[in-house]
Structures are given as structure tokens and as C-alpha cells.
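The values are calculated or read from the model by the stated rules, or taken from the named source; none is laboratory data. Note that the structure is a prediction, hence the values are computed from the model and not measured. FYI the Cβ positions are ideal-geometry reconstructions off the backbone, even for glycines, and counts take in every protein chain you see. Accessible surface areas use protein heavy atoms only, side chains included; no ligands, DNA or RNA. Shrake-Rupley method; radii C 1.70, N 1.55, O 1.52, S 1.80 Å.
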Amino acid sequence: MKGFKEFFNKINTMTPSSLIQGGFILFSTVILLTVGFLAFFKPEANIDNLKDQLERSTEIYDENGELASKITANKTEGISIEEIPDHVKNAVVSIEDHRFYGHNGIDYKGIFRAFYTNLKAGEVKEGGSTITQQLTKTALLESDRTYKRKLEEFFLAREVEKEYSKDEILEMYLNQIYFGHGAWGINKAAQVYFGKEVKDITVAEGAMLAGIINVPSALDPYKHLDKSKNRRDLVLSRMKEHGFIKKDEYRSAVEEKVALYGKQQSDPLKGKYPYFVDHVLSEASKRYHIEMDELLTGGYKIHTTLDQNMQKVAEEVYQDDSIFPKGTSDKMVQSGAVLLDPKTGGIRALIGGRGEHQFLGFNRATQLKRSPGSTMKPLAVYTPALEEGYEISDELKDEKMAFGTYEPSNLGGEYKGEVPMYEAVMKSLNVPTVWLLNEIGVEKGMESLKRFGISLEKEDRNLSIALGGMKYGVSPLDIAGAFSTFTNDGERMQSHAIVKIEDAQGKVVAKWKKEKTRVTTKGVADKMTSMLLGVVEYGTGKNAAVHEWEIAGKTGSTQLPIEGAENGVKDQWFVGFTPTLVGSVWTGYDKTDAKNHLTTHSSEGAAIVFQRLMAEALKSQKPKSFNVEDIGPLIEEHKEELKREERRKYWEDKKDDLKNGLKKWQDKIFNGNDKEEKQKDEDKNHGNGEEDKPSGNDPAINNEDYSNQ
């Protein structure tokens, strides 16, 4: 450093003419040597992938085309040059490289000017690097200050100018330059310092950002406001000098007060709606074959079926721990839920779990595979039975029975002999369901499930499928898609979250094509809806009812398959729908065992979560009716029929008693049996007769008959 100062002191004693002359000689020598060297020198860096360094965030748009969320795997977040205002671009060019649009990557005039200025000042006051050189240094080269690196910078700058346009170079530069406070790129800097998108910042704010580039730490407006403001004013004066702004614009910008955002802001859209975004990325990768790395860095615009309001309220509901069932351990009971549009198959909202979200982690709304329990009954049994000609009021057998080695039982062990179909659905009775599937044939049930979009294995071909017995199971999304058939006149629309995908240039690279399956007839769908309305209004799903709305749905629980814990519950389900929305909820443990399981059934757990979810999601909609038959009158009619049957049986019994009494009376009068009977009574009262008296250990009444009574 001492030698450097002595060198400049000697230079200061030289006359201006000799100084300039010496400078020209030195500069010319450097240029000749550089040009000669570049003729033989080729750096190792490859500029072909320079633009790949500009990794942009992927943007997620909702059903109305509004930006809802962003995701990226890179520290920088690129935006196109068209999104950056002219006054911001001009501010950067004015202070960093005002001949940017005139040179070919190397500004020889600038180099000489910087050399002369530094020489005259006796210290380094200016740099001669162009924006193109700074870009190559930032994106392609190591940060070491060696002559080799400087020569590589010269060479690559010229190659970059041959390969890319000025706008492309400026775009890459503005998106990759560092502005301090973790802000890589001009848009992030605008958010950090002013709480705005770059398209919204003023001329003065743009000038301040341009000034920070020189030395971000020393010109940080949060720490060194006066220095940063002075630098801003310098940028503004350069903009005026080079004709980018007029005098009145300059005066106005200089007088503008600095209004810093005051927070170390991150993009509010980044990471928003995490579980929905996870599924969108997964769907884009699997259905449209776009690599995940490319999705995270390629600047895609993905238009989805998301309803932001429904997603927000779903996330709020899942923050309320009080509505979720309690388990047998301190571990959090998990859950997944889906809200689906039955008319389009579009996913409106989904929640993949409770607690802390892990990026692209396990999504219980879409990736879970669990036995669906009794929610399978309408799909595997009752729909195909109605298709075979059964009616919802037909009587089904309800008695203890075995089907080979398979012996299902009703919850609580109660049997009525016969029940109408709607009651079997309403009360979720197991034996009548299995009996009915046995009557129509397992194959009919399997074919029905395939139409409903339920994936099956060869091991699933047995009567236990009636109660949800499966090798793998289903997800909340699977079961929601299946139940959407009932409120969509018997047609099932393929579930999806993506409408279309555009690349960074706006080209549509993927688009949803409507897929629908005719599952059953409208008549059968309406009958099923009637019975499922009964589940919520009169049966096991009462806790799922939403005020003023007609809710049709089905409960489902699975037993813990562990000896000694038979009363434990592994999974709880509730799936239900209105004319406009389908919802499904699963609750349980990720890993269920004797120490970690549920103790209540779905009517006390999943149904309650479903109710809160649907109640909040439907607040902005007016209630609609299914316009299907209400099973209420059928229930009342059946009750009256049972009463009539009881009365008939009562009088039949009385009639028989009367006949027997009359016969005895006739025998006494006309057959002379009165004395004989009288003698028998006397023998009974006055004889030994101990064997006819009950002992102290004998019951006074028949307990079996009493319990039945």
C-alpha cells in the first residue's frame, strides 16, 4: 500500500500533458496485449447455459386467473425485461454503463476514462467494467481477483454480446445482481426496501436501487440512509445528464422523501397454500411429464382450479385442534381433506395434514391409501343393486349369518331380521350390506367400483369389499371424486387441479382436456342421494349437518386389527356433498398400533371436521336443493307399518287366547270335565308337589326372554 501511494505521488508531480501521453501509451499497450492474448486464449466457462442461470419462480394462478402462490428452488427470482419499468432500467444503465447500448461488451472509452480518473485522483475512483462484464463475472466466473479471471471476463463479455441481445443481457443482469439484505434481483430488492413489486416503484426509488449495486453493504438505506440518498441523487443526475429524465422530473425525484418499507419482507405469495401447491407440482410432473427441477426454476405459470377463499378457510379450520378426535397417545392425530367441484372435477381446496408442512412431503389428501370403511357401501353395493332393479324400500336380511368363512357383524351386535335398504344405509348396517352384495354378485360390485374410479387389486375380489376391505385403499381425493357422481346426474368428472401450464415465454405447454365417465343413470344417482341425505338427517351422519344446506353423505370407520384392542378404531372417514361441492375427510394416525389409535367412530370425529369445513366453505353461496325424494315419509310409513303389524299380532294372539278360553269353557259345560278339573286343582293344592316349586337357585323369570323383551 505504501508503494502504491508513492507511485501515485510521483505521478502527481508530472505535468498534465506528460501524464496523458504516458497514460495513452500504457493504455494502448494494455489493449494490444489483451487483443493479442484473446486471439489465442479461450476460457473454460460456457455461455450457452448463461440464460439457464436465470431461474424464475413458478407462479400458481387460481380459478379466476389471479396470482395465488409462488414457488422456486433458487435464491434469485427472475422477471422478464418487459415487467421492469423503463425508468428502472435507465437508472441502472446511467450509473453502471451509460454506453451499454453502444458497445459490444467492452467499453474501451470507459476503461480509459476510468484509468485516467483513477490516475489523476491517485486512487481507484471508477471501474471500467460494463454491465455485460459484470454479468459474466456474477453468473459464470469465480470471484477471485486474478489476471486470468479478468481476461476471461473480457473474452466472455464479447461472446455474450454475440449470443444475446441487449435486452436479454440486461434482463439477466437485473435478475442476478445482489442488492443486499438477501435480495438477489431487482424485483426482490423492490420488495425488501419498498414493499412493492418492481413495476410499482417510482423514479426516485428506482434510482436508489440502482445506486445500491455499487457497494450494497455501504449503501444499505436501512443502515446508511444519508449515503444511500446521496448515491440516489447522483444516479438521478446521471439520468438527467444522459437524457433519460427531464429537469422537472429530476427535481421532483430529488425532493421525494425516502419511504422505506421498514420490514425485512419476503414475498407474501411465496410458500402460500403449501399443500395445494405440492399437489399441483406433483400433477404437473406425473400427468404432463414436466421434470420437478424444471418446474421449480423454469418460470412456469400454472393456472389451476383453486378457490382461494375455500383454501384459506380450510387452512383456518385445520388450525383448530379442538374439533379433531383424540387418540390414545400424545402424538398428533393426522388428517387430510379435499373440496371438489362435482360439475368440473376441479379441486377447489385441499389440506394434506396437520402441524408443520414439509415441502413436497406426504400429502394425506392425495397420497394416503387407507381402507375407506363403510363409505364404500354406496359404491360397491347399493348403486349396483339399484341398477339391478332393487328399490330403496326393499327389505334386506338382517340376521346373524356367515358367508363361508366370512362372518360380518353389525356394530353393537343388534339384528332386526329384515330392514329396508334405506335404513341399512342410514344406520350403516354391515350384515344386510354384505348379504345384498352376495345376492347381486361380487363381480357387479367390482365393476361398479371401477366406474367410480376406485383402483382395485385382484386380492380385493371378495365380499369384504362391501365394507371397504381392500389391499391398499383410497385417498380422500379418490373417494371425493367417486361420490361426486351422485350430485352430477350419474357422471364422474376426472379430478384435477391444473387447467393449463404456460412456460416462461407464455407458450401453453399443457392443457386440461375434460374427461368424464358415465357411472350410472340419473335415476339411480338420485335414489342414492335420497338415501345419503337420510344418513345426515336421520342416521349416523347427523354431526355433519350444515345449517340451511342439504348435505348427503356417508360415515366410515375401520376396526383396529390388533388382538386385545378390538374396540380401537384405525381410520375415520366422512364424505359428503351438496349440489355444488363435495368434501371428504380422513382422520387417524400415520402409523396405527396398540398405543396409537382412535377410540371413537367417524360420527364423532371426521364428521365434525367435515361439518366445520363445509360450513365455512359454503358461506359465500346460497343454499341449493337436490330436488330428490325425501326418505322421511318412507321412514314414517315404515314405522306405522311396524305398529300396524304389532297391533295385528297382538290381536291375533288375543284371538288365540280367546279361542282357547272358549274351548275350555265348552269342555267344562258340555263334556262334564268340570269335576275332573276341580279334582286336579285340589290334588295340586293339597298334594306333596315339592318338585313343582322353584328352588332358591332357580330364576324367577326367563332372562333370555327378558333381555329380548
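Summary of computed values
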{"read-out": "Sparse-neighbour loop sites [GluC sites (Glu not before Pro); segment 415-516; at most 16 other C-beta within 10 Å; DSSP]", "value": "GLU457, GLU515"}
{"read-out": "Accessible area expressed per residue, segment 145-302, with surrounding protein chains retained (probe 1.4 Å, Å²)", "value": "47 Å²"}
{"read-out": "1.4 Å probe accessible area per residue over segment 517-656, in Å²", "value": "49 Å²"}
{"read-out": "Semi-axis lengths, Å, segment 423-474, gyration tensor of Cα atoms, sqrt of 5 times eigenvalues", "value": "19, 12, 10"}
{"read-out": "Derived scalar couplings ³J(HN,Hα) [segment 476-488; Karplus, 6.51 cos²θ - 1.76 cosθ + 1.60; whole Hz; x for Gly, Pro]", "value": "x, 5, 4, 6, 5, x, 5, 5, 4, 4, 5, 9, 10"}
{"read-out": "Where trypsin sites (Lys or Arg not before Pro) fall in DSSP loop in segment 515-618, at most 16 other Cβ within 10 Å", "value": "LYS591, LYS595"}
{"read-out": "Candidates per GluC sites (Glu not before Pro) in segment 184-244, loop by DSSP, up to 14 other Cβ within 10 Å", "value": "GLU197"}
{"read-out": "Accessible area of segment 370-491 divided out per residue, in Å², using a probe of 1.4 angstrom", "value": "37 Å²"}
{"read-out": "Note, ³J(HN,Hα) from phi for segment 313-320, Karplus 6.51, -1.76, 1.60, rounded to Hz, x at Gly and Pro", "value": "5, 5, 5, 5, 4, 6, 8, 8"}
{"read-out": "Other-chain or far-sequence residues with amide H under 5 Å of GLN334's (modelled H)", "value": "GLY588, TYR589, ASP590"}
{"read-out": "Amide proton proximity set for PHE626, modelled H, under 5 Å, gap of 5+", "value": "none"}
{"read-out": "Protein accessible area in segment 369-517, 1.4 Å probe - carbon and sulfur %", "value": "43 percent"}
{"read-out": "Placed amide H near ILE290: partners under 5 Å, 5+ positions off or other chain", "value": "SER285"}
{"read-out": "Descending Cα extents along the principal axes, segment 599-655, whole Å", "value": "62, 37, 11"}
{"read-out": "Calculated from backbone phi, Karplus (6.51, -1.76, 1.60) coupling profile of segment 447-459 in Hz, x at Gly/Pro", "value": "4, 5, 4, 4, 5, 6, x, 8, 6, 10, 10, 4, 5"}
{"read-out": "Cα gyration tensor category, rounded, prolate or oblate, for segment 290-358 with a/c compared to 1.5", "value": "oblate"}
